[in-house]
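A quick write-up on the structure given underneath.
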Amino acid sequence: MPVSPLAGATILVAHPGAELYGSDRVLFESVTGLIDAGAEVVVALPVTGPAVAELESRGARVVICPTPVLRKSALSPSGLVSLTGRMLAGGVRAARLMRSVRPEAVVVNTITIPVWLPVARAMRVPCLCHVHEAEKSAPALIRRALYSPLATATRVIANSRYSLAVLKEAVPLRIPPSAIVANGVAVPDGSEIVAGPRTRPGAGTAEDPVRLLFIGRLSPRKGPQVALEAVERLRDAGTTVRLSLLGAVFQGYEWFESELRTWVAEHRLGDQVDFLGFRDDVWPVVAQADIIVVPSTRDEPFGDTAVEAMLARRPLVVAWTSGLREAADGYATARFFPPGDAAGLAAGVQDILEHWSEVSELTAADRRLALSRHAPAVYRQAFAGQVAAMLAEHG
(Lines give C-alpha, C1' and ligand atoms only; values in the text may rest on other atoms or scores of the structure.)
Protein backbone atom coordinates (compact mmCIF):
# COMPACT_ATOMS: atom_id res chain seq x y z
CA MET A 1 0.00 0.00 0.00
CA PRO A 2 1.48 3.41 -0.96
CA VAL A 3 2.47 5.72 1.90
CA SER A 4 0.33 8.83 2.26
CA PRO A 5 2.11 12.14 1.59
CA LEU A 6 0.83 13.18 5.03
CA ALA A 7 2.75 10.47 6.90
CA GLY A 8 5.32 12.30 9.01
CA ALA A 9 4.53 15.68 7.46
CA THR A 10 4.12 18.78 9.59
CA ILE A 11 0.94 20.70 8.77
CA LEU A 12 0.38 24.20 10.13
CA VAL A 13 -3.33 24.99 10.53
CA ALA A 14 -4.40 28.63 11.05
CA HIS A 15 -7.81 29.40 12.56
CA PRO A 16 -9.43 32.76 13.48
CA GLY A 17 -10.69 32.01 17.01
CA ALA A 18 -10.71 29.65 19.97
CA GLU A 19 -14.40 29.04 20.63
CA LEU A 20 -16.72 26.06 20.19
CA TYR A 21 -19.11 27.15 17.44
CA GLY A 22 -19.69 25.68 13.98
CA SER A 23 -16.42 26.42 12.15
CA ASP A 24 -14.47 25.60 15.33
CA ARG A 25 -16.03 22.14 15.52
CA VAL A 26 -15.32 21.52 11.83
CA LEU A 27 -11.71 22.50 12.58
CA PHE A 28 -11.52 19.78 15.23
CA GLU A 29 -12.57 17.15 12.69
CA SER A 30 -10.11 18.53 10.12
CA VAL A 31 -7.26 18.30 12.60
CA THR A 32 -8.25 14.78 13.62
CA GLY A 33 -8.34 13.72 9.96
CA LEU A 34 -4.80 15.02 9.40
CA ILE A 35 -3.50 13.33 12.55
CA ASP A 36 -5.22 10.06 11.65
CA ALA A 37 -3.40 10.21 8.29
CA GLY A 38 -0.04 10.43 10.08
CA ALA A 39 0.62 14.17 10.08
CA GLU A 40 2.05 16.26 12.89
CA VAL A 41 -0.36 19.18 13.32
CA VAL A 42 0.41 22.61 14.74
CA VAL A 43 -2.60 24.92 15.13
CA ALA A 44 -2.06 28.70 15.18
CA LEU A 45 -4.78 30.67 16.98
CA PRO A 46 -4.87 34.45 17.47
CA VAL A 47 -6.19 34.11 21.04
CA THR A 48 -6.59 31.46 23.69
CA GLY A 49 -9.95 29.92 24.60
CA PRO A 50 -11.83 26.66 25.09
CA ALA A 51 -10.82 25.32 21.68
CA VAL A 52 -7.23 24.97 22.90
CA ALA A 53 -7.98 22.10 25.26
CA GLU A 54 -10.08 20.33 22.63
CA LEU A 55 -7.36 20.59 20.00
CA GLU A 56 -4.69 19.38 22.39
CA SER A 57 -6.87 16.44 23.43
CA ARG A 58 -6.94 15.38 19.76
CA GLY A 59 -3.15 15.41 19.52
CA ALA A 60 -2.43 18.84 18.02
CA ARG A 61 0.09 21.36 19.31
CA VAL A 62 -1.43 24.81 19.76
CA VAL A 63 0.50 28.06 19.34
CA ILE A 64 -0.92 31.52 20.00
CA CYS A 65 0.04 33.75 17.07
CA PRO A 66 -1.90 37.05 16.98
CA THR A 67 -2.92 37.86 13.42
CA PRO A 68 -5.81 40.10 12.33
CA VAL A 69 -9.24 38.60 11.82
CA LEU A 70 -11.07 40.28 8.97
CA ARG A 71 -14.48 41.64 9.95
CA LYS A 72 -16.76 43.51 7.59
CA SER A 73 -16.59 46.50 9.94
CA ALA A 74 -12.93 46.86 8.92
CA LEU A 75 -13.82 47.31 5.26
CA SER A 76 -14.30 51.06 5.50
CA PRO A 77 -11.76 53.79 4.71
CA SER A 78 -10.75 54.25 8.36
CA GLY A 79 -10.95 50.54 9.06
CA LEU A 80 -8.72 49.71 6.10
CA VAL A 81 -5.98 52.05 7.36
CA SER A 82 -5.94 50.27 10.71
CA LEU A 83 -6.21 46.86 9.07
CA THR A 84 -3.19 47.52 6.84
CA GLY A 85 -0.96 48.08 9.86
CA ARG A 86 -2.28 45.02 11.65
CA MET A 87 -1.87 42.89 8.53
CA LEU A 88 1.79 43.85 8.24
CA ALA A 89 2.45 43.06 11.90
CA GLY A 90 0.48 39.83 11.66
CA GLY A 91 2.39 38.83 8.54
CA VAL A 92 5.68 39.21 10.38
CA ARG A 93 4.41 36.98 13.20
CA ALA A 94 3.06 34.40 10.76
CA ALA A 95 6.35 34.25 8.85
CA ARG A 96 8.31 33.92 12.08
CA LEU A 97 6.12 31.00 13.20
CA MET A 98 6.45 29.28 9.82
CA ARG A 99 10.22 29.54 9.94
CA SER A 100 10.10 27.94 13.40
CA VAL A 101 7.63 25.16 12.54
CA ARG A 102 8.91 24.52 8.97
CA PRO A 103 5.61 23.00 7.76
CA GLU A 104 5.25 20.99 4.59
CA ALA A 105 1.85 22.65 4.09
CA VAL A 106 -0.42 25.31 5.56
CA VAL A 107 -4.18 24.99 6.01
CA VAL A 108 -6.12 28.24 6.51
CA ASN A 109 -9.53 27.64 8.07
CA THR A 110 -11.94 30.35 6.77
CA ILE A 111 -11.26 33.44 4.64
CA THR A 112 -11.25 35.80 7.65
CA ILE A 113 -7.49 35.44 8.34
CA PRO A 114 -6.10 36.33 4.91
CA VAL A 115 -2.55 37.17 6.04
CA TRP A 116 -1.57 33.49 6.07
CA LEU A 117 -2.22 32.97 2.33
CA PRO A 118 0.27 35.50 0.90
CA VAL A 119 2.82 34.60 3.59
CA ALA A 120 2.65 30.93 2.63
CA ARG A 121 2.92 31.85 -1.07
CA ALA A 122 5.94 34.09 -0.40
CA MET A 123 7.65 31.28 1.53
CA ARG A 124 6.79 28.75 -1.22
CA VAL A 125 4.79 26.51 1.08
CA PRO A 126 1.64 24.98 -0.46
CA CYS A 127 -1.47 26.39 1.20
CA LEU A 128 -5.05 25.11 1.25
CA CYS A 129 -7.86 27.45 2.27
CA HIS A 130 -11.04 25.93 3.71
CA VAL A 131 -13.89 28.30 2.87
CA HIS A 132 -16.82 28.34 5.31
CA GLU A 133 -18.31 31.65 4.19
CA ALA A 134 -20.87 32.63 1.55
CA GLU A 135 -21.26 36.41 1.63
CA LYS A 136 -23.58 36.65 -1.35
CA SER A 137 -25.54 39.58 0.10
CA ALA A 138 -22.46 41.73 0.77
CA PRO A 139 -21.71 44.58 -1.67
CA ALA A 140 -19.55 43.53 -4.61
CA LEU A 141 -16.48 45.50 -3.47
CA ILE A 142 -16.62 43.97 0.00
CA ARG A 143 -17.01 40.48 -1.44
CA ARG A 144 -14.02 41.02 -3.69
CA ALA A 145 -11.95 42.27 -0.76
CA LEU A 146 -12.95 39.26 1.34
CA TYR A 147 -12.28 36.66 -1.33
CA SER A 148 -9.41 38.07 -3.40
CA PRO A 149 -6.63 36.69 -1.11
CA LEU A 150 -7.74 33.21 -2.21
CA ALA A 151 -5.99 33.85 -5.51
CA THR A 152 -2.71 33.19 -3.64
CA ALA A 153 -3.85 29.79 -2.30
CA THR A 154 -2.61 26.54 -3.81
CA ARG A 155 -5.95 24.78 -3.38
CA VAL A 156 -9.42 25.66 -2.07
CA ILE A 157 -12.12 23.53 -0.54
CA ALA A 158 -15.63 24.78 0.25
CA ASN A 159 -18.29 23.35 2.53
CA SER A 160 -21.11 23.54 -0.01
CA ARG A 161 -21.91 24.13 -3.67
CA TYR A 162 -23.38 27.46 -2.65
CA SER A 163 -20.18 28.62 -0.93
CA LEU A 164 -18.12 27.70 -3.97
CA ALA A 165 -20.52 29.47 -6.34
CA VAL A 166 -20.34 32.70 -4.30
CA LEU A 167 -16.56 32.44 -4.23
CA LYS A 168 -16.26 31.99 -7.98
CA GLU A 169 -18.59 34.89 -8.64
CA ALA A 170 -16.59 37.18 -6.33
CA VAL A 171 -13.19 36.39 -7.83
CA PRO A 172 -13.77 35.11 -11.38
CA LEU A 173 -10.96 33.46 -13.35
CA ARG A 174 -8.53 33.56 -10.42
CA ILE A 175 -9.52 30.59 -8.27
CA PRO A 176 -6.99 27.78 -7.75
CA PRO A 177 -8.10 24.12 -7.98
CA SER A 178 -11.18 23.69 -5.79
CA ALA A 179 -13.43 20.99 -4.39
CA ILE A 180 -16.46 20.61 -2.15
CA VAL A 181 -16.15 18.66 1.10
CA ALA A 182 -19.37 18.49 3.10
CA ASN A 183 -18.93 19.22 6.80
CA GLY A 184 -18.48 16.36 9.21
CA VAL A 185 -20.92 16.63 12.09
CA ALA A 186 -20.56 14.65 15.29
CA VAL A 187 -23.42 13.78 17.62
CA PRO A 188 -22.97 11.68 20.76
CA ASP A 189 -24.54 8.24 20.69
CA GLY A 190 -26.30 8.67 24.02
CA SER A 191 -29.66 6.93 23.95
CA GLU A 192 -31.47 9.98 25.28
CA ILE A 193 -30.24 11.99 22.28
CA VAL A 194 -30.68 9.60 19.34
CA ALA A 195 -33.71 7.66 20.61
CA GLY A 196 -35.90 10.14 18.76
CA PRO A 197 -38.45 12.70 19.94
CA ARG A 198 -41.10 12.02 22.54
CA THR A 199 -43.78 9.57 21.52
CA ARG A 200 -46.05 12.56 21.27
CA PRO A 201 -45.38 16.11 22.34
CA GLY A 202 -47.96 17.78 24.50
CA ALA A 203 -51.05 19.17 22.93
CA GLY A 204 -49.43 22.57 23.05
CA THR A 205 -50.89 23.48 26.41
CA ALA A 206 -49.38 25.60 29.15
CA GLU A 207 -48.94 22.41 31.21
CA ASP A 208 -47.06 20.57 28.47
CA PRO A 209 -45.77 22.98 25.79
CA VAL A 210 -44.06 21.83 22.62
CA ARG A 211 -40.34 22.38 23.10
CA LEU A 212 -38.60 24.33 20.33
CA LEU A 213 -34.83 24.80 20.24
CA PHE A 214 -32.69 27.43 18.48
CA ILE A 215 -28.91 26.78 18.48
CA GLY A 216 -26.45 29.43 17.35
CA ARG A 217 -25.21 32.96 17.71
CA LEU A 218 -27.77 35.49 18.84
CA SER A 219 -27.42 37.75 15.82
CA PRO A 220 -29.95 39.32 13.44
CA ARG A 221 -28.81 37.15 10.53
CA LYS A 222 -29.38 33.93 12.51
CA GLY A 223 -33.00 34.93 13.03
CA PRO A 224 -33.85 34.41 16.71
CA GLN A 225 -36.20 37.39 16.33
CA VAL A 226 -38.13 35.40 13.71
CA ALA A 227 -38.41 32.45 16.09
CA LEU A 228 -39.78 34.72 18.81
CA GLU A 229 -42.46 36.10 16.52
CA ALA A 230 -43.40 32.54 15.51
CA VAL A 231 -43.83 31.67 19.20
CA GLU A 232 -46.27 34.55 19.54
CA ARG A 233 -48.19 33.48 16.45
CA LEU A 234 -48.47 29.93 17.71
CA ARG A 235 -49.69 31.13 21.08
CA ASP A 236 -52.29 33.36 19.49
CA ALA A 237 -53.44 30.38 17.39
CA GLY A 238 -53.93 28.28 20.50
CA THR A 239 -50.70 26.21 20.49
CA THR A 240 -48.34 26.80 23.38
CA VAL A 241 -44.64 26.24 22.76
CA ARG A 242 -41.55 26.88 24.82
CA LEU A 243 -38.55 28.20 22.90
CA SER A 244 -34.99 27.79 24.17
CA LEU A 245 -32.36 30.10 22.68
CA LEU A 246 -29.04 28.30 23.06
CA GLY A 247 -26.22 30.67 22.19
CA ALA A 248 -24.64 34.02 22.96
CA VAL A 249 -23.92 37.24 21.10
CA PHE A 250 -20.67 38.37 19.51
CA GLN A 251 -18.84 40.93 21.62
CA GLY A 252 -20.30 44.30 20.69
CA TYR A 253 -23.74 42.88 19.89
CA GLU A 254 -25.04 42.92 23.45
CA TRP A 255 -27.61 45.46 22.29
CA PHE A 256 -29.27 42.78 20.18
CA GLU A 257 -29.84 40.43 23.10
CA SER A 258 -31.27 43.37 25.05
CA GLU A 259 -33.70 44.04 22.19
CA LEU A 260 -34.76 40.38 22.16
CA ARG A 261 -35.37 40.35 25.90
CA THR A 262 -37.33 43.61 25.70
CA TRP A 263 -39.48 42.21 22.89
CA VAL A 264 -40.21 39.07 24.91
CA ALA A 265 -41.30 41.16 27.90
CA GLU A 266 -43.45 43.52 25.83
CA HIS A 267 -45.26 40.61 24.15
CA ARG A 268 -45.77 38.72 27.42
CA LEU A 269 -43.76 35.69 26.39
CA GLY A 270 -41.53 35.51 29.43
CA ASP A 271 -42.89 32.12 30.46
CA GLN A 272 -42.39 30.69 26.96
CA VAL A 273 -38.83 31.77 26.12
CA ASP A 274 -35.59 30.73 27.83
CA PHE A 275 -32.27 32.47 27.18
CA LEU A 276 -29.78 29.70 27.91
CA GLY A 277 -26.59 31.47 26.83
CA PHE A 278 -23.61 29.59 25.44
CA ARG A 279 -22.92 26.03 26.59
CA ASP A 280 -19.99 23.82 25.70
CA ASP A 281 -22.24 20.76 25.61
CA VAL A 282 -25.47 21.36 23.69
CA TRP A 283 -26.65 17.76 23.64
CA PRO A 284 -28.47 17.59 26.99
CA VAL A 285 -30.58 20.50 25.72
CA VAL A 286 -31.12 18.81 22.35
CA ALA A 287 -32.28 15.67 24.18
CA GLN A 288 -35.10 17.69 25.79
CA ALA A 289 -36.23 19.33 22.52
CA ASP A 290 -39.15 18.30 20.33
CA ILE A 291 -38.37 20.40 17.23
CA ILE A 292 -35.23 22.27 16.09
CA VAL A 293 -35.66 25.63 14.33
CA VAL A 294 -33.09 27.27 12.03
CA PRO A 295 -34.60 30.66 11.06
CA SER A 296 -31.61 32.39 9.40
CA THR A 297 -32.61 35.55 7.56
CA ARG A 298 -29.55 35.90 5.33
CA ASP A 299 -27.19 33.70 3.36
CA GLU A 300 -25.68 30.71 5.12
CA PRO A 301 -22.76 28.78 3.61
CA PHE A 302 -24.09 25.53 5.05
CA GLY A 303 -26.11 24.54 8.12
CA ASP A 304 -24.50 22.26 10.68
CA THR A 305 -27.44 22.72 13.05
CA ALA A 306 -29.79 21.30 10.44
CA VAL A 307 -27.60 18.21 10.15
CA GLU A 308 -27.35 17.93 13.94
CA ALA A 309 -31.14 17.89 14.14
CA MET A 310 -31.30 14.98 11.70
CA LEU A 311 -28.52 13.08 13.49
CA ALA A 312 -30.31 13.58 16.81
CA ARG A 313 -33.62 12.44 15.28
CA ARG A 314 -35.36 15.75 15.88
CA PRO A 315 -37.75 17.24 13.28
CA LEU A 316 -36.54 20.47 11.74
CA VAL A 317 -38.09 23.74 10.58
CA VAL A 318 -35.52 25.62 8.50
CA ALA A 319 -35.31 28.69 6.28
CA TRP A 320 -35.21 27.79 2.58
CA THR A 321 -32.10 29.72 1.61
CA SER A 322 -28.54 29.36 0.33
CA GLY A 323 -26.48 26.63 1.98
CA LEU A 324 -29.29 25.66 4.33
CA ARG A 325 -31.10 24.14 1.36
CA GLU A 326 -28.15 21.82 0.78
CA ALA A 327 -27.82 20.94 4.45
CA ALA A 328 -31.50 20.01 4.86
CA ASP A 329 -32.37 18.77 1.38
CA GLY A 330 -33.78 15.27 1.09
CA TYR A 331 -34.88 14.78 4.70
CA ALA A 332 -38.48 13.72 5.25
CA THR A 333 -38.75 15.34 8.68
CA ALA A 334 -37.60 18.81 7.57
CA ARG A 335 -40.07 21.61 6.88
CA PHE A 336 -39.05 24.76 5.01
CA PHE A 337 -40.20 28.38 5.07
CA PRO A 338 -39.11 31.62 3.36
CA PRO A 339 -36.35 33.51 5.23
CA GLY A 340 -37.74 36.04 7.68
CA ASP A 341 -41.28 34.65 7.47
CA ALA A 342 -42.42 34.04 11.05
CA ALA A 343 -45.83 32.89 9.84
CA GLY A 344 -44.10 30.28 7.67
CA LEU A 345 -41.99 29.07 10.58
CA ALA A 346 -45.09 28.76 12.77
CA ALA A 347 -46.89 26.87 9.99
CA GLY A 348 -43.96 24.47 9.71
CA VAL A 349 -44.12 23.73 13.43
CA GLN A 350 -47.87 23.23 13.24
CA ASP A 351 -47.54 20.87 10.28
CA ILE A 352 -45.06 18.69 12.16
CA LEU A 353 -47.39 18.55 15.16
CA GLU A 354 -50.35 17.58 13.01
CA HIS A 355 -48.36 14.68 11.53
CA TRP A 356 -46.40 13.78 14.64
CA SER A 357 -46.71 9.98 14.50
CA GLU A 358 -45.58 9.82 10.89
CA VAL A 359 -42.74 12.31 11.47
CA SER A 360 -41.50 10.41 14.52
CA GLU A 361 -41.25 7.17 12.54
CA LEU A 362 -39.27 8.86 9.77
CA THR A 363 -36.57 10.33 12.04
CA ALA A 364 -34.61 7.05 12.07
CA ALA A 365 -34.30 6.99 8.28
CA ASP A 366 -33.26 10.65 8.24
CA ARG A 367 -30.54 9.90 10.79
CA ARG A 368 -29.15 7.13 8.60
CA LEU A 369 -29.09 9.48 5.60
CA ALA A 370 -27.32 12.18 7.61
CA LEU A 371 -24.70 9.70 8.79
CA SER A 372 -23.98 8.62 5.22
CA ARG A 373 -23.40 12.25 4.25
CA HIS A 374 -21.76 13.75 7.32
CA ALA A 375 -20.26 11.09 9.58
CA PRO A 376 -16.99 12.46 10.99
CA ALA A 377 -15.00 9.53 9.60
CA VAL A 378 -16.25 10.31 6.07
CA TYR A 379 -15.32 13.98 6.43
CA ARG A 380 -11.91 13.35 7.99
CA GLN A 381 -10.84 11.07 5.17
CA ALA A 382 -12.07 13.47 2.49
CA PHE A 383 -10.40 16.49 4.07
CA ALA A 384 -7.09 14.74 4.65
CA GLY A 385 -7.26 13.47 1.08
CA GLN A 386 -7.42 17.02 -0.26
CA VAL A 387 -4.35 18.07 1.75
CA ALA A 388 -2.50 14.91 0.70
CA ALA A 389 -3.32 15.55 -2.97
CA MET A 390 -1.96 19.07 -2.68
CA LEU A 391 1.28 17.79 -1.14
CA ALA A 392 1.64 15.10 -3.82
CA GLU A 393 1.30 17.73 -6.54
CA HIS A 394 3.91 19.97 -4.97
CA GLY A 395 6.24 17.37 -3.51
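Taking into account only those residues within region 286-323 that are within 15 Å of the chain's Cα centre (by Cα) and of a type in the set (Gly, Ala, Ser), which is surrounded by the most Cβ atoms within 10 Å (Cβ to Cβ)? The extreme case among them is Ala309. How do the pairs read when you match residues in region 89-101 that are closer than 16 Å to Leu117 by Cβ with residues anywhere that are in a helix (DSSP H, G or I), using Cβ under 8 Å and keeping only pairs 6 or more apart or on different chains? These pairs meet every condition: Gly91/Pro118; Gly91/Val119; Ala94/Trp116; Ala94/Val119; Ala95/Val119; Ala95/Ala122; Met98/Val119; Met98/Ala120.
Of everything in region 1-19 that is out of contact with any Gly (no Cβ under 8 Å at 6 or more places or on another chain) and farther than 21 Å from Trp116 by Cβ, the residue that is surrounded by the most Cβ atoms within 10 Å (Cβ to Cβ) is Val3. Kindly indicate whether Val156 is of a type in the set (Val, Ile, Thr) and either closer than 13 Å to Leu12 by Cβ or outside any strand (DSSP E or B) (or both). Here the answer is no, as Val156 does not meet what is asked. Within region 169-185, being part of a loop (DSSP other than H, G, I, E, B) and either buried (at least 22 other Cβ atoms within 10 Å of the Cβ) or modelled with pLDDT of 80 or more (or both) holds for Pro176, Pro177, Val181, Ala182, Asn183, Gly184, Val185. Restricting attention to region 114-128, the residues being crowded, with 19+ Cβ neighbours inside 10 Å and either part of a helix (DSSP H, G or I) or outside the structural domain of Ala44 (by TED's automatic domain parsing) (or both) number 4.
Of the numbered criteria (1) farther than 23 Å from Glu19 by Cβ; (2) part of a loop (DSSP other than H, G, I, E, B), the one Gly252 fails is (1). The residue that is surrounded by the most Cβ atoms within 10 Å (Cβ to Cβ), counting only those in region 137-168 that are closer than 15 Å to Glu300 by Cβ and modelled with pLDDT under 80, is Ala138. Within region 45-67, residues that are in contact (Cβ under 8 Å) with a residue 40 or more places away in the chain and part of a loop (DSSP other than H, G, I, E, B) have Cβ atoms under 8 Å from residues that are surrounded by 14 or more Cβ atoms within 10 Å (Cβ to Cβ) and among the polar types (S, T, N, Q) in these pairs: Pro46/Thr67, counting only partners at least 6 apart in sequence or on another chain. Only one entry of Glu259, Glu229, Glu207 meets the criterion of being in a loop (DSSP other than H, G, I, E, B), farther than 20 Å from Thr333 by Cβ and among the acidic types (Asp, Glu), and that entry is Glu207. Kindly establish whether Phe256 is surrounded by 16 or more Cβ atoms within 10 Å (Cβ to Cβ), at pLDDT below 95 and farther than 25 Å from Gly204 by Cα. So Phe256 does not fit the description; no.
Inside region 264-277, can you point out the residues that are surrounded by 15 or more Cβ atoms within 10 Å (Cβ to Cβ), free of Cβ contacts under 8 Å to residues at least 60 places away in the same chain and not acidic (Asp, Glu)?
Taking region 264-277 first, the residues surrounded by 15 or more Cβ atoms within 10 Å (Cβ to Cβ) are 264, 267, 269, 272-276.
This time we only want the ones that are free of Cβ contacts under 8 Å to residues at least 60 places away in the same chain, so: 264, 267, 269, 273-276.
Across region 264-277, the qualifying residues are Val264, His267, Leu269, Val273, Phe275, Leu276.
Per the listing Arg298, Arg242, Arg268, the residue uniquely in a loop (DSSP other than H, G, I, E, B), among the basic types (Lys, Arg) and closer than 27 Å to Leu353 by Cβ is Arg268.
Annotation: of all residues in region 198-242 being at pLDDT 90 or above and acidic (Asp, Glu), the one that is nearest to Asp304 (Cα to Cα) is Glu229.
Residues checked against (1) modelled with pLDDT under 95; (2) out of contact with any Ser or Thr (no Cβ under 6 Å at 6 or more places or on another chain); (3) assigned by TED's automatic domain parsing to the domain that holds Ala39:
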residue	(1), (2), (3)
Glu300	yes, no, no
Phe336	no, yes, no
Val349	no, yes, no
Ser360	yes, yes, no
Ala384	no, yes, yes
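Test Ala306 against the stated conditions and say whether it is aliphatic (A, V, I, L, M) and part of a helix (DSSP H, G or I). Give the derivation first.
On the way: aliphatic (A, V, I, L, M): yes; part of a helix (DSSP H, G or I): yes.
Spelling it out, Ala306 is indeed aliphatic (A, V, I, L, M) and part of a helix (DSSP H, G or I).
Evaluate region 329-350: report whether one residue or more is in contact (Cβ under 8 Å) with a residue 12 or more places away in the chain, assigned to a helix (DSSP H, G or I) and among the basic types (Lys, Arg). Among the residues of region 329-350, not one is in contact (Cβ under 8 Å) with a residue 12 or more places away in the chain, assigned to a helix (DSSP H, G or I) and among the basic types (Lys, Arg), which makes the answer no.
For region 244-263, check the following and say yes or no: at least one residue is farther than 29 Å from Ser137 by Cα, hydrophobic (A, V, I, L, M, F, W, C) and in contact (Cβ under 8 Å) with a residue 24 or more places away in the chain. Lay out the reasoning, then the answer.
Of all residues in region 244-263, those farther than 29 Å from Ser137 by Cα come to none.
No, region 244-263 contains no residue that is farther than 29 Å from Ser137 by Cα, hydrophobic (A, V, I, L, M, F, W, C) and in contact (Cβ under 8 Å) with a residue 24 or more places away in the chain.
The values are calculated or read from the model by the stated rules, or taken from the named source; none is laboratory data. In this text the structure is predicted, and so the values were computed from the model without any measurement. Cβ atoms come from the backbone with ideal geometry, glycine included; neighbour counts cover every protein chain shown.
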